[in-house]
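Heads up: the structure comes next, in structure tokens.
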């Protein structure tokens, strides 16, 4: 589940959050609108959005191009991290927190980039769990 979560997070980060920077927070979506204008009609899945963005890179402003490159780098790091985790904990049976425990026990064996990614995901997951628990109360 955790490795699947990595991939979902990576893909959603790549496809959705181009405009989720400081400018977007201030109502100045610097890239999301550009991506939507050029690739908004593309059916998501199987890399179609990513292909559209790559194919149309010259259509985007320099700031958006930089943001796209940054997202691509992040996506590549997430993929590499997913592979690291799979090597370390891929054979661990799912359920009852076994994969999470494996990841925690082997964290020091992960690359520094992957350790940082794993920590961010863990924090986001715990934050979401906390919000779910609040809704139940």
Task: region 79-96, residues that are surrounded by 12 or more Cβ atoms within 10 Å (Cβ to Cβ) and more than 27 Å from residue 47 (Cα to Cα) - done: 92
Task: Lone unmet requirement of (1) surrounded by 15 or more Cβ atoms within 10 Å (Cβ to Cβ); (2) farther than 27 Å from residue 33 by Cα for residue 128 - done: (1)
Open item on the list: Take the conditions exposed (fewer than 13 other Cβ atoms within 10 Å of the Cβ) and in contact with a helix residue (DSSP H, G or I) (Cβ under 8 Å, 6 or more places away or on another chain) and apply them to residue 37. Does it pass?
Closed with: no
Task: Among the residues listed as 97, 32, 45, the single one being under 17 Å from the mean Cα position of the chain (by Cα) and at positive phi - done: 45
Open item on the list: Given the criteria touching a residue at least 60 places away in the same chain (Cβ under 8 Å) and out of contact with any helix residue (DSSP H, G or I) (no Cβ under 6 Å at 6 or more places or on another chain), does residue 97 qualify?
Closed with: no
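Rule-based calculations on the coordinates, nothing more; no lab input. Since we're looking at a predicted model, the values are computed, not measured. Note that each Cβ is placed from the backbone with ideal geometry, even for glycine, and that neighbours are counted across all protein chains shown.
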